[in-house]
1. Tell me, which residue of the stretch 114-132 that is at negative phi and of a type in the set (G, A, S) is surrounded by the fewest Cβ atoms within 10 Å (Cβ to Cβ)?
2. Which residue is surrounded by the most Cβ atoms within 10 Å (Cβ to Cβ), if the candidates are limited to the stretch 82-103 and must be within 15 Å of R130 (Cα to Cα) and touching a Ser or Thr at 6+ places or on another chain (Cβ under 7 Å)?
3. Looking at K270, K245, which one is under 25 Å from S59 (Cβ atoms), of a type outside the set (A, V, I, L, M, F, W, C), open to solvent by 40 Å² or more (accessible area, probe 1.4 Å) and at pLDDT 90 or above?
4. So how many residues does the stretch 99-134 have that are touching a His at 6+ places or on another chain (Cβ under 6 Å) and free of Cβ contacts under 8 Å to residues at least 12 places away in the same chain?
5. Do we find that D262 is open to solvent by 20 Å² or more (accessible area, probe 1.4 Å) and at pLDDT 90 or above in this structure?
6. Can you name every residue in the stretch 104-113 that is within 15 Å of T34 (Cβ to Cβ) and either open to solvent by less than 10 Å² (accessible area, probe 1.4 Å) or in contact with a strand residue (DSSP E or B) (Cβ under 6 Å, 6 or more places away or on another chain) (or both)?
7. Which of the residues spanning the stretch 15-73 are among the acidic types (D, E) and open to solvent by 30 Å² or more (accessible area, probe 1.4 Å)?
8. I'd like to verify a number: residues in the stretch 209-238 that are open to solvent by 40 Å² or more (accessible area, probe 1.4 Å) and within 30 Å of D81 (Cβ to Cβ), how many?
Amino acid sequence: MTEDNLQMVVVQTQNSGVLHVYVQGNLEERGGKTIILTVHDIGTNHKSFVRFVNHPSMSAVKEKAIFLHVCVPGQEDNSADFFGDFPTLDGIGDDLNAVLDKFEVKSAIAFGEGVGANIICRFAMGHPNRIMGIILVHCTSTTAGIIEYCKEKVMNMRLENSIMSDGAWDYLLAHKFGGESKSRQEYLEELKQTLNAKNLSKYLVAFTKRTDLSATIGTKLETVDALLVTGSKASHLHTVYTTHKSMNKKKTTLLVVDNVADVMQEAPDKLARSLILLCKGCGVLSGVAIPGMERQRTLSSSMEEADRPRRMSVTQPHLPPVPSA
């Protein structure tokens, strides 16, 4: 067992070599519980999801679910240098199939943040039969965003030589916080102390080389229930709108949280509420009350409501105008 009572399981995969999966919950009870598979963003690891799951607003979900937190190769705290070819985002996404096989799970709710959300998208597009629903926080489906934002900085990152330049660190700060934030320096110092910079650069390179999903995502995920989440201050806001535009609107809910850049950290209660609604629409977590709506527990747990989660969603009725690229 690891800290936070997590169980770490090693999964051998075709593209990523070994994936470390941190299990939050009792695997012996997996027959009667909902499985939620997570993949983290760049500049963090599985611990970002562990913190979210441990938030009080997720306590009821935590009792009814088992979380499989996938750590992208080399992103564990104080990891040794990653040698060999780093897997592509497609490769990692495909390997999630092996993760579910390892735990004898037929289908799961898949939950990703940032680059992890892009990986979850690729997994869902390739293996829709393994997915009950997807939750995508700050997801981008295009290739243009990072190049437009960083321009010369990206070319000067020297990432190919596993060197995190000032431009690369600046990008990670913008990626996480959007505009200015008092937490930026504290986050950067912790990042440099815990994550292997060489390995971090490899994950960032994989992100910069991602392929465009926007042309096919709508067709391949046409039958998948999806929740897209972003903060109004997030640097990913425009790319999330683009992703939403490509998807089946009847199956997709868009949540934009006002005055927030990092939704998982700054608005966990709103994210938890939407997660529960998405899961109810997928036929799981039906007995879990929606935070802030305990008085309506009977209504929200009814079969009728479970079939229509989007009508209760916290999606803004009037979205702010999409910023120009």
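The values are calculated or read from the model by the stated rules, or taken from the named source; none is laboratory data. Everything numeric here is computed off the predicted structure, so don't read it as measured data. Quick reminder, even Gly has a Cβ in these numbers, built from the backbone with ideal geometry, and neighbours come from all protein chains shown. SASA here: full protein model, heavy atoms, side chains in, ligands and nucleic acids out. Shrake-Rupley method; radii C 1.70, N 1.55, O 1.52, S 1.80 Å.
1. G126
2. Restricting to residues being within 15 Å of R130 (Cα to Cα) and touching a Ser or Thr at 6+ places or on another chain (Cβ under 7 Å), the top hit is D95.
3. Answer to the check: K270.
4. 0
5. Criteria not met by D262.
6. If the condition is that a residue be within 15 Å of T34 (Cβ to Cβ) and either open to solvent by less than 10 Å² (accessible area, probe 1.4 Å) or in contact with a strand residue (DSSP E or B) (Cβ under 6 Å, 6 or more places away or on another chain) (or both), then V105, S107, A108, I109, A110, F111 are the ones that fit.
7. E28, E29, E63
8. Number of matching residues: 3.
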